[in-house]
1. Which residue is surrounded by the most Cβ atoms within 10 Å (Cβ to Cβ), if the candidates are limited to the stretch 89-106 and must be within 16 Å of GLN131 (Cα to Cα) and of a type outside the set (A, V, I, L, M, F, W, C)?
2. Go through the stretch 334-364 and give me each residue that's part of a strand (DSSP E or B) and either among the β-branched types (Val, Ile, Thr) or in the same structural domain as THR266 (by TED's automatic domain parsing) (or both).
3. What about ALA420, is it closer than 21 Å to ASP352 by Cα, out of contact with any Gly (no Cβ under 8 Å at 6 or more places or on another chain) and either not in a helix (DSSP H, G or I) or not assigned by TED's automatic domain parsing to the domain that holds GLN355 (or both)?
4. Restricting attention to the stretch 365-386, which residues are within 16 Å of ALA420 (Cβ to Cβ) and assigned to a loop (DSSP other than H, G, I, E, B)?
5. Which residues, taken from the stretch 247-297, are surrounded by 19 or more Cβ atoms within 10 Å (Cβ to Cβ) and without any contact (Cβ under 8 Å) to a residue 40 or more places away in the chain?
6. GLN38 fails exactly one of the following numbered conditions: (1) surrounded by 22 or more Cβ atoms within 10 Å (Cβ to Cβ); (2) closer than 23 Å to PRO303 by Cα. What is the number of that condition?
7. Would you mention how many residues in the stretch 225-272 are outside any strand (DSSP E or B) and in contact with a helix residue (DSSP H, G or I) (Cβ under 8 Å, 6 or more places away or on another chain)?
8. Which condition breaks for ALA275 when tested against (1) closer than 20 Å to ILE27 by Cβ; (2) in a strand (DSSP E or B); (3) out of contact with any helix residue (DSSP H, G or I) (no Cβ under 7 Å at 6 or more places or on another chain)?
Amino acid sequence: MSTALRPSACPGLLRIVPALDGGICRIKLNGGSISAAQAEAVASAAERFAGGVIEATNRANLQIRGIGGEQTALIDSLLAAGLGPRTAAGDDVRNLMLSPSAGIDRQMLLDTRPLAEQILTSLQSHERFHQLSAKFAVQLDGGESLAMLEHPHDLWLSAVEHEGECVLAFGLAGCPTQTPSGAVRLENGHALVIAVLELFLDLARPDQTRMRHLLAEYPVAGFVAQVAERVPLLSIVSGARVTNSNVLHIGVHPQRETGRVYVGATPPLGRLDPAMLRGAARLARERGDGSLRFTPWQSLLLPDIHEDDAAQVIHSLESLRLRCSADDALAHLIACTGSAGCGKGLSDTKGDALQLATLLQRQGQVFDVHLSGCARSCAAAHITPATLLAVSPGHYDLYFRDAAQPGFGALHARNLTIEAVATLLDARSRSSLDA
């Protein structure tokens, strides 16, 4: 495979990007899925050629951090495991998010995996699509109960019931929780994606790298009208998805097939070491279907576990230091690399998050909190109920999500220590319970 790459600040499998703690290699997983053998290859690569830090990302991919001088050997080992793109230029653009429970979810309307394979093949094999930004992303939602519906995508498709048939509603520069721009029949799903991407490239200037940039100047209705000239569209007045429980990625949950469950586990703050990943791979091989699925909650699933084996699988995962309970405060915290590994980080967000989790657990409280070392918000693609934005080592501004406010939401307090944050969150929870 040719390894000629365009310049980009985004890491990939073939492009190692430097950071304070060494190089970063991002391994994009098809639909978030990886075989046990491939997981073991990632663990070995992190151990042999890097610092042993593996991260689950908010796009259901994996990253290896702390890579030193043996970059070529690391890349070759991952390519040998079948984790590379079809073409070097295709690595940047294989950005397609599925539900972690695609094909096995009890609520799903559509098994999205065959269509996803078509889309990924086109993204990598059509040379023109290699002009897309490495951040340009597509979401394909099959109506699953376990689905990240709050991450904005340049194009999203969502399976919905419409006049007695399952169709794909779609929207631009947003999320499936928003009113769709139109719909297509299932057999036209792939053609719709091709049409939208080609039209975007036809219309966008070089500086308009994302759909939202184009639509800031070009009317959505005009864009959709041009798509309709290429693909037959259906008019649809409803179809916006409703979010479900936010803990379906943790613990044991039934699958579509009777007697089978998936088990979800969260590595502390999205980080695994080689032993954790190897252990999860062993369980997938011995108790599941030999695969692991990573999620946009920076966690993993072991699918196709017999329900009688679930308790033992949970015990084994917890012995690997993975979190399997929705009552675990640490399982609800997100933190970027922070100052320990990033030059832009203003505080050690990982260390601060561990301290916050300990304090919240002691208080018996669970909050979804995002700790960000700077305003770029690399660790979270959606706005969490509470965000801590670092302003100096150990000090944060606290925001609460507010749909009427841009960015992180409404600023609640400035320059708080972690102890002060824990006290404030505890008081806020108790006051809402007393109301």
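1. ASP92
2. Correct list: ILE334 only.
3. No.
4. Residues satisfying the conditions are GLN365, PHE367.
5. LEU283, GLY288 - these are the residues of the stretch 247-297 that are surrounded by 19 or more Cβ atoms within 10 Å (Cβ to Cβ) and without any contact (Cβ under 8 Å) to a residue 40 or more places away in the chain.
6. It fails just one condition, (1).
7. 11
8. ALA275 satisfies all of (1) closer than 20 Å to ILE27 by Cβ; (2) in a strand (DSSP E or B); (3) out of contact with any helix residue (DSSP H, G or I) (no Cβ under 7 Å at 6 or more places or on another chain) except (2).
The values are calculated or read from the model by the stated rules, or taken from the named source; none is laboratory data. Since we're looking at a predicted model, the values are computed, not measured. We place every Cβ from the backbone using ideal geometry, glycine too, and count neighbours over all the protein chains shown.
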